[in-house]
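Visitor: Here you go, one structure.
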């Protein structure tokens, strides 16, 4: 499996200028030599791009 996350928050002169985060996960499992399971998800939020939640 793979897990990844990132958080960015920056301020300039007391004002927030960057506020976003993302999370990613991937999982694979071989049931047999021929068959396997695979799942993946990606989630992203960006306050200044007016992006509440994007998921795939």
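FYI, it's all coordinate maths here, none of it is from the lab. Only a predicted model underlies this, so the values are computations on that prediction, with no experimental measurement involved.
Visitor: From Cα pairs below 8 angstrom and at least 6 apart in sequence, can you work out the relative contact order of segment 2-55, rounded to a whole percent?
Guide: 28
Visitor: Wrap a convex hull around the Cα atoms of the chain, take a quarter of its surface area, and give that in square nanometres.
Guide: Mean orientational projected area (the chain, Cα hull): 4.4 nm².
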